[in-house]
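Presented below is the structure to which this report refers.
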Amino acid sequence: MHHERKILSILGSIFIVFAFIIAGAFIGMGIGGNIEPEIEFNGAYGYEAGGQIGELVGLAIGLYFGYRNVRASFRDKDSQTKS
């Protein structure tokens, strides 16, 4: 039963990462297209550059929260062996 919880935690963390990447891309495209259209990154301009930057920021944030989620499920009191 604890293995199911750990598997669901890992799958949930993967979902968290993808959700933050997508959200970061849309937020970055909004900023790059409307607020800062002259931005340049990785050979792209405007909303394309903002989307790429947003994806990278979203990836970093998503990995952080995904890691915390997995770590919390593996540090559960029930899953630790008693010595």
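The values are calculated or read from the model by the stated rules, or taken from the named source; none is laboratory data. Just so we're clear, the structure is a prediction, and the values are computed from it rather than from any experiment. Because the Cβ atoms are built from the backbone with ideal geometry, glycine has one as well, and the counts that use them run over all protein chains shown.
Of everything in region 69-83 that's assigned to a loop (DSSP other than H, G, I, E, B) and among the hydroxyl-bearing types (Ser, Thr, Tyr), which residue is modelled with the lowest pLDDT?
Checking each candidate, the answer is SER83.
Given the criterion more than 27 Å from GLY66 (Cα to Cα) and either in contact with a Gly (Cβ under 7 Å, 6 or more places away or on another chain) or at pLDDT below 90 (or both), identify the matching residue among ILE16, ILE31, ILE39, ILE27.
ILE39
Being crowded, with 16+ Cβ neighbours inside 10 Å, part of a loop (DSSP other than H, G, I, E, B) and on the phi < 0 side of the Ramachandran plot is the filter here; which residues of region 25-68 pass it?
Of everything in region 25-68, just one residue is crowded, with 16+ Cβ neighbours inside 10 Å, part of a loop (DSSP other than H, G, I, E, B) and on the phi < 0 side of the Ramachandran plot, namely ILE39.
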